[in-house]
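To start, the structure under review is shown below, and the notes come after it.
The values are calculated or read from the model by the stated rules, or taken from the named source; none is laboratory data. Small disclaimer: the values here were computed from a predicted structure and weren't measured. We place every Cβ from the backbone using ideal geometry, glycine too, and count neighbours over all the protein chains shown.
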Amino acid sequence: MASRLEYKYLVQENLLPKIRAIVSTYMKHDPYAEIRPHKEYTVRSIYLDTADLLCYHEKYEGYKIRNKFRIRVYNERREDSLVFLEIKRKNENFISKDRAKLYLEDLQSLIQTKNVDDYILVRADGTGDFEEANKFLFHYYSKQLIPLSLVVYEREAFMGKFGYDLRITFDKNLRGSVYPEYDDIFEEKKLKYAFPNYFILEIKFHERFPAWVPQLINKFSLQRISVSKYTNCIDINKNHMHFSGSLAL
């Protein structure tokens, strides 16, 4: 995927209807949100990290170039649920992502056998994300990654009506837990909320965005921040984490 810029804002929940009304003038719900109740879908991700939380600490120490590793599903469990292996790469202010798709029921087998040819799904044209899956597995084993946090939220996503390569998302009800098993990816009982009464507004674009976007930001006095769903869900669950002295958060 080509690199893009992502601007993030933590916004009071009571501003959501006003911001949605402005965004809806210029944008429409993306196809995945459009078909869902309340025009939103649920994103569920298990973030992987090293035993000493390398990815977590790189974020807090402000590394300009860093990666996140996650396993992602959407909405409710189904017999044919899909899962995505993802590497999210940050280089200065630019974001890119490697992604590979397979059936959730095959996840454990793929991780154990490393046989991407057997499990990565193939598109109609015969291609599949085999290289992306191999990259994920390389990092998984070379870094000895383990499941560190389950991160869940509802996403209301918009795409441009008028040709701009622009995507705006409202990520609501951010919640998480620590030390999940892969089978816990649809779990809700242990999740703790990170930002009660707030949502995360993300503006994603490649080169530029239209004039109405900065006008929106100024109208509501929104302050751009660097917010990580993964690190915040770790932080709210510190009491449930176990580390030896130098690894304490």
I'd like the full set of residues that are closer than 28 Å to N14 by Cβ and acidic (D, E), limited to segment 173-217.
E188, E202
I'm told S177 meets every condition in (1) in contact (Cβ under 8 Å) with a residue 40 or more places away in the chain; (2) more than 16 Å from D30 (Cβ to Cβ); (3) part of a loop (DSSP other than H, G, I, E, B); (4) of a type outside the set (A, V, I, L, M, F, W, C) except one. Can you identify the failing condition by its number?
(3)
Does any residue in segment 41-62 that is surrounded by 15 or more Cβ atoms within 10 Å (Cβ to Cβ) come within less than 6 Å, Cβ to Cβ, of a residue that is among the small types (G, A, S) and in a loop (DSSP other than H, G, I, E, B) six or more places away or on a different chain, and which pairs are these?
K59/S228
If you check every pair at least six apart or on different chains, which have Cβ atoms under 7 Å apart with a residue in segment 1-20 that is farther than 12 Å from F199 by Cα first and a residue that is of a type in the set (A, V, I, L, M) and at pLDDT below 95 second?
S3/I95; R4/I95; E6/I95
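Residue by residue, here is whether (1) in a loop (DSSP other than H, G, I, E, B); (2) over 21 Å from L191 (Cα atoms); (3) of a type outside the set (A, V, I, L, M, F, W, C) holds:
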position: L5; (1), (2), (3): no, yes, no
position: K8; (1), (2), (3): no, yes, yes
position: A33; (1), (2), (3): no, yes, no
position: D52; (1), (2), (3): yes, yes, yes
So, in segment 145-172, of the ones that are modelled with pLDDT of 95 or more and basic (K, R), which residue ends up farthest from L54 (Cα to Cα)?
R167
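Can you name every residue in segment 64-121 that is in a strand (DSSP E or B), among the small types (G, A, S) and surrounded by fewer than 16 Cβ atoms within 10 Å (Cβ to Cβ)?
First, pick out the residues of segment 64-121 that are in a strand (DSSP E or B): 65-74, 82-91, 94-103.
Subset that is among the small types (G, A, S): 96, 100.
Matches in segment 64-121: S96 only.
Within segment 191-246, take every residue that is in a helix (DSSP H, G or I) and of a type in the set (F, W, Y) and give me the one that is surrounded by the most Cβ atoms within 10 Å (Cβ to Cβ). So that I can check it myself, show each step before the final result.
Here is the first cut: in segment 191-246, the ones in a helix (DSSP H, G or I) are 212-219, 229-235, 238-240, 245-246.
Applying the additional criterion that residues be of a type in the set (F, W, Y) yields 212, 230.
Numbers: W212: 14, Y230: 22.
It comes out as Y230.
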Please name all residue pairs, on different chains or six or more residues apart, with Cβ atoms under 9 Å, provided the first residue is in segment 197-211 and is on the phi > 0 side of the Ramachandran plot and the second residue is surrounded by fewer than 17 Cβ atoms within 10 Å (Cβ to Cβ) and of a type outside the set (A, V, I, L, M, F, W, C).
N197/Q12; N197/E13; N197/N14
